[in-house]
Each structure stands twice: as structure tokens, then as C-alpha cells.
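*Asks:* If you scroll down you'll find the structure; I have some questions about it.
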Amino acid sequence: PTSFPQGVLPASVEDSLSVAASAFTVPFAVPAVTFLAVIGAAVGRTRGLEVKPSWITHPNLYWGLVARSGMGKSPCSNAILKPIHEQENAAFKEHKRELEAYELELREWQSSFARAQRKNDTLPDKPIYPTWEQIYVEDSTTQAVGSILSNNPRGILWYRDELSGLLADLGRYDNK
């Protein structure tokens, strides 16, 4: 295959990607493709093209990095994805805290609701279930990704380290 085209990204970005390629002793394409996937996910559905009035289409980017096993693709890609992992972990911890607070509010609401019903008072508003805004999924089924996307209108990064795993995921839980 042809090599990744140099000179198409800003010089500062290409310099950083060259450093990553050198540090992990991988072709420039490895950090470049990972970077483009992350940037595509960051933009997500914030941009779209109005094909005709009231019909806007949003981009979906698909990247596949194919090279021989043991080349070092995963360590390099994981280094570039590290901030994404950290942000996702922080968001998950925050979501867990929000869920715990919600559970407490829900128990209090149930008591208040029952009390208000008995007294024929104004019923309290039910607490709102917190949603987890994800930016990243790894091992997932298409059904799960669909559910995740319903809570993440901006979109997500669906990353699989192995293409064979992604292809297997596409058929999981499909009754065909």
C-alpha cells in the first residue's frame, strides 16, 4: 500500500505524529490514522451538510489500520487514545456518583409521592435519571451502540483494536 501522504496535515500536527511514529518505531500512518479517527469523533455530529431543505446528513468516518501482527500498532494507538480513555473514565466515575445521588433522590421522592397521595397534596416531580454522555466505546454490539448513540447525539468513537473483533461484533445478537 502507498504510505500516508505527508504535508496534508498542519506542520505542528505532523511533527507530533512523526515523533510518535519514531518513538513507537511504526510507520507514520499508524499515529496519523489514529489521530484522524480521534479528530473525526471529536467533530462528531457538530457539522453536517444540508442536502435539501430540512434534510441534513452528518459524516460517519470509518478507519481501518491494517498491518502485520506485532508491528506495534496497538501501543502507538493506545498512547494517542490515552486522553480519551482518561476522559471517559472520569465521565464514568461522575456518572456513577450521579446515579448514587439519583437513587437517593428517587427513594426520597417515593416517600414524598406516597405521602402527598395520602394527603391529596400536590405530587412532587420525579427526579430525572442521569444519562452518561460517552465519547468512546470499545467492545460493543451494534444494538448497544444504537442505544449509546441515543444518549449521545454528538456521536461517539467506536474503537476496536482488532478488525476481526469489530467484524464479529457486527453480527453479535443478530438472529440471522
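The values are calculated or read from the model by the stated rules, or taken from the named source; none is laboratory data. Here the structure is a predicted model, which means the values were calculated and not measured. No Cβ is skipped: glycine too gets one built from the backbone with ideal geometry, and neighbour counts run over all protein chains shown. What goes into the accessible areas is simple: the full protein's heavy atoms, side chains included, and nothing from ligands, DNA or RNA. Shrake-Rupley method; radii C 1.70, N 1.55, O 1.52, S 1.80 Å.
*Asks:* Report the net charge of residues surrounding Pro153, where surrounding means a beta-carbon distance below 15 angstrom and charges are Lys +1, Arg +1, Asp -1, Glu -1. Write down the numbers at each step before the final one.
*Replies:* Working: positive: Arg45, Arg47, Arg154; negative: Glu133.
Net charge in that neighbourhood comes out at +2.
*Asks:* Based on DSSP H runs of at least 4 residues, each adding -39500 (n - 2.57), what is the mean residue ellipticity at 222 nm of the chain after dividing by all its residues, to the nearest 500 deg cm²/dmol? The partial results should precede the final answer.
*Replies:* Details: 5 runs with 93 residues, N = 176.
Helix-only estimate at 222 nm: -18000 deg cm²/dmol.
*Asks:* To continue, here is another question. What nm distance separates the two modelled labels at Asp15 and Thr141, each placed 7 Å from Cα along Cα→Cβ?
*Replies:* 4.8 nm
*Asks:* Most fluctuating residue of Glu88, Glu162, Glu50 in a GNM of the chain with Cα springs under 10 Å: which is it?
*Replies:* Glu50
*Asks:* Once R0 is set to 41 Å, what does the formula 1/(1 + (r/R0)^6) return for the Cβ-Cβ distance between Ser69 and Gln117, expressed as a FRET efficiency to the nearest 0.05?
*Replies:* E between Ser69 and Gln117, to the nearest 0.05, is 0.05.
*Asks:* How long is the gain from Tyr62 to Glu162 if the chain were fully straight, where each residue apart is worth 0.36 nm and the alpha carbon distance is subtracted? Intermediate results must be reported in sequence, preceding the final value.
*Replies:* On the way: separation 100, 0.36 × 100 = 36.00 nm, distance 1.39 nm.
Going from the current span to full extension adds 34.6 nm.
*Asks:* Would you mind telling me the share, in percent, of accessible area of region 69-123 contributed by carbon and sulfur at probe 1.4 angstrom? Write down the numbers at each step before the final one.
*Replies:* On the way: 1970 of 3930 Å².
C and S fraction of accessible area: 50 percent.
*Asks:* Now for a separate question. In whole Hz, what ³J(HN,Hα) sequence does region 81-91 give by Karplus (6.51, -1.76, 1.60; θ = phi - 60°), x for Gly and Pro?
*Replies:* 7, 3, x, 5, 4, 5, 5, 5, 4, 5, 5
*Asks:* For the chain, with every protein chain kept in place, what is the accessible area per residue (1.4 Å probe, Å²)?
*Replies:* On the way: 12350 Å² over 176 residues.
Each residue of the chain exposes 70 Å² on average to a 1.4 Å probe.
*Asks:* Please identify, among Phe24, Phe113, Phe35, the residue showing maximal mean-square fluctuation in a Gaussian network model of the chain using a 10 angstrom Cα cutoff.
*Replies:* Phe113
*Asks:* In terms of the Cα gyration tensor, with a ≥ b ≥ c the square roots of its eigenvalues, is region 1-107 rounded because a/c is under 1.5, prolate because a/b exceeds b/c, or oblate?
*Replies:* On the way: a/c = 2.73, a/b = 1.40, b/c = 1.95.
It is oblate, given that a/c is not under 1.5 and a/b is not larger than b/c.
*Asks:* Still on this model: Label points 7 Å out from Cα along the Cβ direction at Lys52 and Arg107: separation in nm?
*Replies:* Result for the modelled spin labels: 5.6 nm.
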